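Peer 1: The structure's right below; bear with me while I get my questions together.
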Amino acid sequence: MKATGIVRRIDELGRIVIPKEIRRVLHIREGDPIEIYTEDDAVVLKRYARARELGDAAETYCQALCGALGFSAAVADTETVLYAAGPLKKRLIGLTLSPSFLEKMRQKQALIAQDGYLLSTQSEPVRTVAAVPIVTDGDCAGSVLLCTDDSRLSVRETELGVLKTAALYLGKQLES
């Protein structure tokens, strides 16, 4: 844990204010769910990632997408790739999503790119050829992605339809 040097008082209702700079750095927006837990004698606040609840369902769906479509497939929460299958699995898992990509997913629209979307700001960018947000209770809880290293591959409407079905299914899993 890194000390910030910021001290806040708890108000009469038990609330504290997370400073704007910390919210900006951690990409916490108004309305984002925050998980509260304790660790020894500390209270820890962490952005709640509903997509983590998908577990085996997401992993299995990634394997099915990869097998059926021939692309590496991944499921991400609102900041990181959690599950993946295919040749890029090792590079995808744990990859941080770029702020521009996240903003596009928050708009709840499917994306297809001929030249690929930059999935990460890290040194090894991954070419994302299609992405569909996982929407649950009206909010973007994550995304389903198709990725490749082959610049000759592109996504057709058929693959996009399958990806939309995956996102819809995973969203319904989170709602139940």
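The values are calculated or read from the model by the stated rules, or taken from the named source; none is laboratory data. Treat the numbers as computed from the prediction; the structure is a model and nothing was measured. So basically every Cβ, Gly included, is an ideal-geometry build from the backbone, and we count neighbours across all protein chains shown. Please note that ligands, DNA and RNA were not included when accessible areas were found on the heavy atoms of the full protein model with its side chains. Shrake-Rupley method; radii C 1.70, N 1.55, O 1.52, S 1.80 Å.
Peer 1: Is there a pair in LYS2/LYS104; LYS90/LYS172; LYS2/LYS108 whose C-alpha atoms are over 32 Å apart, and which pairs would that be?
Peer 2: LYS2/LYS108
Peer 1: Could you please state how large a percent of the accessible area of segment 1-47 is carbon and sulfur, counting protein chains only and using a 1.4 Å probe?
Peer 2: Of all accessible area on segment 1-47, carbon and sulfur atoms account for 53 percent.
Peer 1: May I pose another question? What does the helix-only formula give at 222 nm for the chain: each DSSP H stretch with n ≥ 4 adding -39500 (n - 2.57), the total divided by the residues, and the result rounded to the nearest 500 deg cm²/dmol?
Peer 2: Calculated mean residue ellipticity at 222 nm is -9000 deg cm²/dmol.
Peer 1: Suppose we take every Cα in the chain and form the convex hull; what volume per residue is that in Å³?
Peer 2: Numbers: hull volume 25.2 nm³, N = 176.
Cα convex hull per residue, to the nearest whole number: 143 Å³.
Peer 1: While we're on this one: State, in angstrom, two size descriptors of segment 1-53 derived from its alpha carbons: Rg to one decimal place and Dmax to the nearest whole number.
Peer 2: Considering segment 1-53 through its Cα atoms, Rg and Dmax are 12.3, 34 Å.
Peer 1: Rg and Dmax in Å for segment 124-164, alpha carbons only: what are they?
Peer 2: Cα radius of gyration and Dmax of segment 124-164 are 11.8, 37 Å respectively.
Peer 1: Would you mind working out the accessible area per residue for the chain, using a 1.4 Å probe, and quoting it in Å²?
Peer 2: On the way: 10730 Å² over 176 residues.
Accessible surface, normalised per residue, equals 61 Å².
Peer 1: Right, next: Suppose each label sits 7 Å from its Cα in the direction of the beta carbon; what would the ALA57-GLN109 distance come out to in nanometres?
Peer 2: 2.8
Peer 1: A further question on this structure: Where does segment 1-101 land on Rg/Rh, using Cα atoms and the Kirkwood Rh?
Peer 2: With Rh from the inverse mean 1/r over Cα pairs, Rg/Rh is 1.09.
Peer 1: What percent do you get for the relative contact order of the chain when only Cα pairs under 8 Å and 6+ apart count?
Peer 2: Answer for the chain is 16 percent.
Peer 1: If you build a Gaussian network model of the chain, linking Cα atoms that sit under 10 Å apart, which residue out of ALA58, ALA113, ALA85 swings the most?
Peer 2: Judging by the Gaussian network model, the answer is ALA113.
Peer 1: Over all directions, what mean area does the Cα convex hull of segment 47-105 project, stated in square nanometres?
Peer 2: Value for segment 47-105: 4.2 nm².
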